[in-house]
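*Asks:* Structure provided below as structure tokens; questions to follow.
The values are calculated or read from the model by the stated rules, or taken from the named source; none is laboratory data. Being a predicted model, the structure only gives us computed values, none of them experimental. Cβ: placed from backbone, ideal geometry, glycine included. Neighbour counts: every protein chain shown. Side chains are part of the model used for accessible areas, which takes the heavy atoms of the whole protein and leaves out ligands, DNA and RNA. Shrake-Rupley method; radii C 1.70, N 1.55, O 1.52, S 1.80 Å.
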Amino acid sequence: MVVRKDVFNKIDGFNESLVTDEDYDLGRRLTKNGYNIIDNPKIKVIHLGNPKTLLQFFRKAQWHATSGLKIINNGHIDRPMLMTIIFLLMLSVSTGLLIFKEITRYSISLIFFIVLTVPLVTAIFRVFQYRNIRHFIQLVILYSVFYFARVTTLVKHILKSL
């Protein structure tokens, strides 16, 4: 990312209260202040230290969600946090069905469908975005883990603020 020093200073630089996603927040504030962000798809980024297991991926998604919560407090909800909130609502509906409805094959199927809706929609979005269906099942699994991790962070935050 390249930003002119005067522009960087004008928008108060990186938000140092964020643990992660400072670059996302900076880009959002640049756009909000009328600056254009130019993306060059020829530039590749390699993140060393990517999670190697689902548990590591889960913990990283929890960590990233903490900054998403701070950005919400600044009056902005990004797409992943919006989808996390929808996922939480769908989990709540599913839990309600389990508690208040007789458990049948139909209700289990319905609950399974409800819980997988957000990861499925996200995976479908990515398939169309990148025009590649090759890893669709893996994407659904990863997005399920991703949203469960973010929901745990969101619920902890809600409970802590009560």
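*Asks:* Against the longest principal axis of the chain, how steep is helix 105-130, in degrees 0 to 90 to the nearest 10, with axes from Cα atoms?
*Replies:* 20 degrees
*Asks:* Ignoring ligands and nucleic acids, what accessible area does Thr84 show with a 1.4 Å probe (Å², nearest 10)?
*Replies:* 0 Å²
*Asks:* Same structure, new question: To the nearest 20 debye, what is the magnitude of the charge dipole of the chain about its Cα centre, counting +1 on the Cβ of each Lys and Arg and -1 on the Cβ of each Asp and Glu?
*Replies:* In total the dipole reaches around 320 debye.
*Asks:* Here is a further query. Show me, for the stretch 88-99, the HN-Hα J-couplings you get by feeding each phi into the Karplus relation (A = 6.51, B = -1.76, C = 1.60, θ = phi - 60°), rounded to Hz, glycine and proline as x.
*Replies:* Per-residue couplings from phi come out as 4, 4, 5, 5, 5, 4, 4, 5, x, 4, 5, 7 Hz.
*Asks:* From Cα pairs below 8 angstrom and at least 6 apart in sequence, can you work out the relative contact order of the chain, rounded to a whole percent?
*Replies:* 24 percent
*Asks:* Can you send over the carbon and sulfur percentage of the accessible area for the chain, probe radius 1.4 Å, protein chains only? Working shown, then result.
*Replies:* On the way: 7620 of 11830 Å².
That fraction is 64 percent.
*Asks:* Next up: Hand me the trypsin sites (Lys or Arg not before Pro) from the stretch 99-162 located in a DSSP loop with no more than 13 other Cβ atoms within 10 Å, in residue order please.
*Replies:* Lys101, Arg131, Arg134
*Asks:* Please list Phe112, Phe14, Phe136 in order of solvent-accessible area, largest first, computed with a 1.4 Å probe with all protein chains present.
*Replies:* Phe112, Phe14, Phe136
*Asks:* Counting other Cβ atoms within 10 Å of each Cβ, which trypsin sites (Lys or Arg not before Pro) in the stretch 1-95 have at most 10 and sit in a DSSP loop?
*Replies:* Arg4, Lys42, Lys44, Lys52
*Asks:* Dipole of the stretch 1-75, Cα-centred, from +1 at each Lys and Arg C-beta and -1 at each Asp and Glu C-beta, to the nearest 20 debye?
*Replies:* Working: 12 positive and 8 negative charges, 43 e Å.
Here the size comes out at about 200 debye.
*Asks:* To continue, here is another question. Under a straight-distance cross-link criterion of Cα-Cα below 30 Å, which lysines are reachable from Lys5, leaving out those fewer than 8 residues away in the same chain?
*Replies:* Lys32, Lys42, Lys44, Lys70
*Asks:* Still on this structure: If R0 is 35 Å, what FRET efficiency do you get for Phe100 and Lys60 from their C-beta distance, rounded to 0.05?
*Replies:* Rounded to the nearest 0.05, the efficiency is 0.50.
*Asks:* Something else now. On average, how much accessible surface per residue is there in the chain, in Å², for a 1.4 Å probe, leaving out ligands, DNA and RNA? It would help to have the intermediate numbers written out before the result.
*Replies:* Details: 11830 Å² over 162 residues.
For the chain, the solvent-accessible area averages 73 Å² per residue.
*Asks:* At a Förster distance of 22 Å, what's the computed FRET efficiency of Val155 paired with Arg28, Cβ-Cβ distance as r, to 0.05?
*Replies:* Efficiency at R0 = 22 Å is approximately 0.35.
*Asks:* Related question: What nm value, rounded to one decimal, do you get for the distance between Phe113 and Asn40 when each label is placed 7 Å out toward the C-beta?
*Replies:* Distance between the two pseudo-spin positions: 4.8 nm.
*Asks:* Just to verify a number: what accessible area does Asp23 come out at with the full protein assembly present, 1.4 Å probe, Å² rounded to tens?
*Replies:* Asp23 has an accessible surface of roughly 90 Å² with all protein chains in place.
*Asks:* Using only C-alpha positions, report the orientation-averaged shadow area of the convex hull of the chain, nm², one decimal.
*Replies:* On the way: hull surface 49.9 nm².
Mean projected area of the Cα convex hull: 12.5 nm².
*Asks:* On a full-extension model of 0.36 nm per residue, what is the gain between Ile137 and Lys52, subtracting their alpha-carbon distance, rounded to one decimal in nm? All intermediate terms of the calculation are to be shown ahead of the outcome.
*Replies:* Working: separation 85, 0.36 × 85 = 30.60 nm, distance 1.77 nm.
Value of the extension gain: 28.8 nm.
*Asks:* Between Ile11, Thr53, Leu26, whose Cα lies farthest towards the positive end of the dipole of the stretch 11-62 when Lys and Arg beta carbons carry +1 and Asp and Glu beta carbons carry -1, centred on the Cα centre?
*Replies:* Thr53
*Asks:* Here is the link list: Lys60/Lys156; Lys60/Lys160; Lys10/Lys60. Which ones come out longer than 27 Å on Cα distance?
*Replies:* Going by Cα-Cα distance, Lys10/Lys60 fall outside the 27 Å limit.
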